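The values are calculated or read from the model by the stated rules, or taken from the named source; none is laboratory data. Just so you know, these numbers come straight off a predicted model, no measurement behind them. Here the Cβ positions follow ideal geometry from the backbone for every residue, glycine too, while neighbour counts run over all protein chains shown.
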Amino acid sequence: MGKTKAFFKSIYKNVFVRRALRSLLSLLGLSLLIFILARVLPGDPIKTALGPDIPEEVVERYREMLNLNKPLYLQYFYWLMDVFQLKLGRSLVTIRDVSADITDFFPATLELLLASAVFRIIVAFPLGVLSGRKPGATMDNAIRVLAYVGICIPTFGWAIILQLVFAYWLNWLPAIGRISEEFMGIPKVTGLMTIDSLISGNVPAFIDVLKHLLIPTVALSIGGAVQEARILRAGMIENISRDYVLNMKSHGIPERIIYFKYVLKPSIIAVVPTMGLDVASTVGNAFLVESICNWPGMSRYGMMAMLRKDLNAIVGVVLVIGIVYIVINTITDIILYAIDPRIRLKERGES
Amino acid sequence: MNLLEVRNLRVNYRSYWYTYHVLNDVSLQVSQGDKVGLIGESGSGKTTLLKSILQILPPQGRIVSGEVLWKGTDLLKVSKDYVTNVRRKEVGMIFQDPLGALNPVFKVKEQFLDILRHSHSDHDKSDHLSLAEELLRSVMLPDTARVLESYPFQLSGGMRQRVIIAMALASARDLLLADEPTTNLDVTIQDQILRLIGELVVKRGLSMILVSHALGMVAKMTHRVYVMYAGSIVEEAPTLKLFSEPLHPYTSMLIESAPRLASTRLGEGIKGNPPDYRYPPSGCRFHPRCPYATGICKEVRPPNVEVSKHRYVACHMYSEGAGGG
Amino acid sequence: MSSDYSAVARKEREVRLENLKRAWFRFSRNKLAVAGLVIFVTIVTMASLAEYITPYPSHAGLYINFKEKYQPPNPNHILGTDMYGRDVFTRVVFGFRYALMMVGVVLGIVVPVGTVLGLLAGYYKGTLIDHVINGASEVFVAVPPLVLALAICSVLEPNVLNALLAITLMWWPWYTRMIYSVTSSLRNEPYVWAAKALGMRTTTILFKELLPNMLGPILTKATLDASWVIIIGASISFVGLGAQPPTPDLGTMLSEYCRYLPAYWWMTLGPLLGIVALVLSFNLMGDGFRDVFAGE
Ligand SMILES: Nc1ncnc2c1ncn2[C@@H]1O[C@H](COP(=O)(O)OP(=O)(O)OP(=O)(O)O)[C@@H](O)[C@H]1O
Ligand SMILES: [Mg+2]
């Protein structure tokens with residue numbers, strides 16, 4: 001007994017767990033807020049979802065099924081009970097449990113998220129390092145302009161532009177979808193098609209999947225990636241004039257080592273939190289990009305639920321996105337913990 | 001021949017909006033075995049001078065003109081490799097702020113070994129670790145293993161400063177530039193560290209430029225002192241002479257306010273504020289604060305006058321024809 | 001004693017005016033920031049005079065002339081015409097109105113409310129007030145901002161007013177947190193201690209001592225975030241949860257027009273350029289403000 005208590009205590013003392021629990025609590029608060037907003041405000045959600053011409057007894061049946069004729073606090077209570085059993089209630093549109101729907105659609109969104117995180121890293125780091133090396137040089141100025149372009153065109157703008165140019169005009173990439181029809185048959189293992197196609201050893205399918213991934217990935221992450229490059233650059237430039245770098249210089253250490261080791265590491269540490277937050281926010285922007293690119297993911301599902309006012313599906317998707325958000329933030333914390341000794345050693349000292 | 005001779009050095013810092021004209025025709029000499037003091041209130045440009053010698057100014061800093069003669073060669077004109085070699089093997093610098101001079105995200109060992117790899121490139125790789133330990137012991141850090149395995153923030157201020165001194169020793173075979181090696185340290189440790197530096201310099205036969213606010217220590221440890229005000233050297237004198245009989249009005253004020261220097265912020269004892277380097281005063285940069293200022297001080301830069309042997313002062317009171325006083 | 005104090009206050013005011021002048025001088029020396037200001041002023045002027053300067057003001061709303069539909073850009077219609085034969089340029093200029101109104105309303109609500117909340121939470125750091133305000137803000141940042149805004153819009157009726165409500169609810173915690181962090185770093189400054197020691201009222205300390213010292217960050221943040229408001233607002237109407245057709249809202253227009261994408265791609269160009277111009281102007285100005293207030 002005492003042992004299990006100590007175990008839970010030690011888990012709770014873990015910073016990541018503590019922070020994640022706190023976020024989870026906020027998430028519950030948010031679900032309550034949306035729940036109330038959806039039910040308190042005028043308008044009949046069932047009629048909105050199913051259309052105005054539905055016969056009254058059908059509406060009544062749905063009401064019964066969704067507990068809509070119970071008092072609000074009971075409704076929330078029932079919903080919460082369901083959530084603890086990993087059920088999210090029934091969708092008005094698909095008539096299935098929302099959690100089942102989300103399970104089907106989630107891998108596609110996850111794949112997009114992972115791809116865009118990778119894209120950010122391979123774009124932001126080299127660009128930031130390059131432009132910080134020679135501030136004011138052509139490369140630096142080009143990246144500065146790119147950063148402005150990146151920030152001014154919203155993700156859905158990027159999606160439209162990329163589709164137009166690379167799919168419709170140049171015909172290099174498919175505009176919509178996740179995989180071409182002829183490769184639909186690859187066996188589903190992880191749900192991530194890049195990996196599934198590799199598992200089945202089908203290289204053409206893999207290339208096809210990559211091609212489909214490209215436009216939504218770039219649309220989702222190009223703006224953020226260039227911004228992060230600028231942040232990294234600013235960090236590099238700031239660190240260059242720090243005494244700890246000048247000290248290394250005073251010992252005649254080659255500029256290359258100074259820049260790529262002693263300047264780069266603290267600068268990367270400084271950009272990681274922003275990057276984590278940005279990657280987490282891509283779950284939000286995925287709503288638009290998935291819809292535009294007809295990407296069969298959870299966000300597009302959520303989008304459709306929103307347009308049809310499918311309450312359980314909306315709250316369910318928001319909840320899952322909140323959890324994804326928490327997971328990504330926790331991963332960011334763990335990465336920081338791993339690479340920044342100041343955080344790591346301080347927190348070990350505490351517990 | 002002088003080991004180091006700085007001639008008419010001018011250094012600016014540039015920011016987005018302004019240019020700061022900091023060093024203003026600074027000249028200074030250090031010969032073999034010399035121990036030279038450099039004093040002046042906060043912001044007078046002492047650190048800037050030391051960094052300029054090694055050309056390690058931050059990117060905003062520019063050496064506008066002047067010469068830095070090292071063993072007769074002008075470091076501002078020779079190849080980068082030559083300068084790098086001087087940095088690696090001949091001159092070492094102790095940075096002012098022990099908190100800021102060590103990279104917070106690398107272990108002491110990592111940083112130290114990188115330094116030794118270049119300052120002692122003739123040694124075997126395996127020797128570098130024992131060399132680092134030896135240097136740490138020489139600065140009275142006996143627990144070398146723990147220090148090397150630590151990150152800077154895990155060490156106390158005094159320990160960090162000792163690490164920096166050990167690093168500087170690795171590169172300093174001729175000259176040690178010690179930039180206020182005791183600021184930000186406990187008063188009790190200040191004395192220890194300064195004494196340690198004094199001993200090490202003697203033991204290793206180094207020359208030294210010592211920047212310090214602890215005037216008592218400067219008096220003990222140096223032969224000659226330069227007094228700096230607002231980016232100009234205003235007086236140069238053998239140490240004892242300077243303290244017993246200061247010539248420049250600024251020097252007198254600096255020495256008079258000395259007892260307060262140890263505890264409170266520097267410059268408090270002297271009336272007025274240090275000048276704005278964006279628009280430095282015309283003529284003598286000290287004239288707005290000088291009780292003896294006359295018309296000429298506003299207009300003409302005072303020449304460096306040799307008053308007696310080894311005594312120079314840049315003040316119109318002592319220049320011929322100007323009279324003043 | 002009191003005249004002493006008023007003299008100090010007058011001096012302070014003079015210094016502030018002086019700072020303001022210098023800030024303007026610096027801003028005016030920053031070419032990009034000035035460019036942003038010029039774009040912004042142009043857009044505001046165009047939007048407020050839309051009826052008089054657009055070639056076909058009647059095209060803003062419901063108007064059908066199939067004879068002129070799908071025209072590519074030409075001298076009569078510099079951004080072409082849409083599927084109902086409406087002049088896209090005219091509609092974009094009217095679209096600026098909605099975008100600017102959105103920015104105005106959201107900033108008009110969040111800046112005062114968020115400033116007060118942030119000041120209170122920061123000044124009473126560690127107390128119940130702090131915990132309540134920050135706890136509430138945490139609820140609103142539990143999911144990405146866009147998701148929150150879309151979710152709120154979707155459970156309400158899709159219209160402009162609810163979109164405004166959603167953006168306001170989404171943005172306030174981010175803004176409040178900024179004020180909070182500035183306040184909690186300023187509250188230990190000597191002048192705050194002095195004011196407390198002199199027995200000044202808390203409201204005086206908050207609004208007369210602290211607030212004037214954070215006008216720079218407030219202006220910068222509000223300007224940079226205005227572009228965020230535009231983008232989120234456009235996203236909401238793009239997916240159909242905000243302004244409904246035939247409202248000439250930039251996001252709504254974009255979503256209507258991009259259905260005709262490969263063939264009549266120029267239709268999307270107008271609203272897209274409109275959004276980009278607005279966002280760019282706010283970003284340029286915001287960066288300018290930041291440089292001005294960043295110190296030397
Ligand atoms: N990177 C920089 N950009 C602009 N100005 C700078 C920079 N570094 C130093 N300065 C300015 O140059 C002047 C001289 O600075 P320096 O550090 O050389 O003084 P110091 O004599 O070492 O002072 P202290 O006793 O405080 O160390 C100061 O006014 C300082 O503000
Ligand atoms: Mg200094």
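Answer yes or no: is there a residue in region C:199-211 that is over 25 Å from C:Gly36 (Cα atoms), in a helix (DSSP H, G or I), of a type in the set (S, T, N, Q) and touching a residue at least 24 places away in the same chain (Cβ under 8 Å).
Scanning region C:199-211 turns up at least one residue that is over 25 Å from C:Gly36 (Cα atoms), in a helix (DSSP H, G or I), of a type in the set (S, T, N, Q) and touching a residue at least 24 places away in the same chain (Cβ under 8 Å).
So, in region B:1-21, of the ones that are within 14 Å of another protein chain (Cβ to nearest Cβ) and within 16 Å of ligand 2 (Cβ to nearest atom), which residue ends up farthest from B:Pro280 (Cα to Cα)?
The selected residue is B:Tyr13.
Residue under question is B:Ala170, and the condition is that it be away from ligand 2 (no atom under 16 Å from the Cβ) and within 14 Å of chain A (Cβ to nearest Cβ); does it hold?
Yes: the conditions hold for B:Ala170.
For region B:30-147, which helices (runs of 4 or more DSSP H) that fit wholly inside it have 2 or more residues that are out of contact with any His (no Cβ under 6 Å at 6 or more places or on another chain) and away from ligand 2 (no atom under 16 Å from the Cβ)?
Answer list for region B:30-147: B:80-89, B:108-119, B:125-138.
Is it the case that some residue within region A:175-195 is within 14 Å of chain C (Cβ to nearest Cβ) and either of a type in the set (Asp, Glu) or closer than 25 Å to C:Pro144 by Cα (or both)?
There is at least one residue in region A:175-195 that is within 14 Å of chain C (Cβ to nearest Cβ) and either of a type in the set (Asp, Glu) or closer than 25 Å to C:Pro144 by Cα (or both).
Mind listing just one residue for me: the one in region B:181-190 that is surrounded by fewer than 21 Cβ atoms within 10 Å (Cβ to Cβ) and within 14 Å of another protein chain (Cβ to nearest Cβ) and, of those, farthest from ligand 1 (Cβ to nearest atom)?
B:Asn184
Checking A:Val283 against (1) at pLDDT 90 or above; (2) within 14 Å of chain C (Cβ to nearest Cβ); (3) closer than 27 Å to A:Thr332 by Cα, which single condition isn't satisfied?
Exception for A:Val283: condition (1).
Report whether or not B:Gly61 is in contact with a strand residue (DSSP E or B) (Cβ under 8 Å, 6 or more places away or on another chain), facing chain A (nearest Cβ under 9 Å), surrounded by 16 or more Cβ atoms within 10 Å (Cβ to Cβ) and closer than 30 Å to C:Lys31 by Cβ.
yes
Checking B:Gly100 against (1) in contact with a Phe, Trp or Tyr (Cβ under 7 Å, 6 or more places away or on another chain); (2) in contact (Cβ under 8 Å) with a residue 40 or more places away in the chain, which test does it fail?
That leaves (2) as the condition not met.
Taking the condition of being within 12 Å of chain A (Cβ to nearest Cβ), in a helix (DSSP H, G or I) and surrounded by fewer than 24 Cβ atoms within 10 Å (Cβ to Cβ), how many residues in region B:148-163 meet it?
Of the residues in that region, 3 qualify.
Would you point out the residue of region B:191-222, among those that are small (Gly, Ala, Ser) and more than 16 Å from ligand 2 (Cβ to nearest atom), that is nearest to the other protein chains (Cβ to nearest Cβ)?
By that ranking, first place goes to B:Ser207.
Counting only residues that are over 30 Å from A:Ile46 (Cβ atoms), give me the helices (runs of 4 or more DSSP H) lying completely in region A:213-329 with at least 1 of them.
Passing ranges, in order: A:243-250, A:264-292.
Here are some residues: C:Leu272, C:Leu224. Which one is closer than 22 Å to C:Leu146 by Cα, at pLDDT 85 or above, touching a Leu at 6+ places or on another chain (Cβ under 9 Å) and at the interface with chain A (Cβ under 10 Å from one of its Cβ atoms)?
Testing whether each residue is closer than 22 Å to C:Leu146 by Cα, at pLDDT 85 or above, touching a Leu at 6+ places or on another chain (Cβ under 9 Å) and at the interface with chain A (Cβ under 10 Å from one of its Cβ atoms) leaves just C:Leu272.
A:Pro341 versus (1) farther than 30 Å from A:Ala270 by Cβ; (2) not assigned by TED's automatic domain parsing to the domain that holds A:Ala270: which is the lone unmet condition?
Failing condition for A:Pro341: (1).
Could you check, for region A:141-157, whether at least one of its residues is modelled with pLDDT under 90 and at positive phi?
No, region A:141-157 contains no residue that is modelled with pLDDT under 90 and at positive phi.
Which residue out of C:Ala294, C:Ala263 is within 16 Å of ligand 1 (Cβ to nearest atom), within 13 Å of chain A (Cβ to nearest Cβ) and farther than 20 Å from C:Val106 by Cβ?
Being within 16 Å of ligand 1 (Cβ to nearest atom), within 13 Å of chain A (Cβ to nearest Cβ) and farther than 20 Å from C:Val106 by Cβ holds for just one of C:Ala294, C:Ala263, which is C:Ala294.
Can you tell me which residue is farthest from ligand 1 (Cβ to nearest atom) among those in region B:192-213 that are at pLDDT below 90 and either more than 20 Å from B:Arg224 (Cα to Cα) or more than 18 Å from the chain's Cα centre (by Cα) (or both)?
B:Gln192
Which members of region B:22-50 meet the condition of being within 9 Å of ligand 1 (Cβ to nearest atom), touching a strand residue (DSSP E or B) at 6+ places or on another chain (Cβ under 7 Å) and not small (Gly, Ala, Ser)?
Answer for region B:22-50, where residues must be within 9 Å of ligand 1 (Cβ to nearest atom), touching a strand residue (DSSP E or B) at 6+ places or on another chain (Cβ under 7 Å) and not small (Gly, Ala, Ser): B:Val22, B:Leu23, B:Leu38, B:Lys46, B:Thr47, B:Thr48, B:Leu49, B:Leu50.
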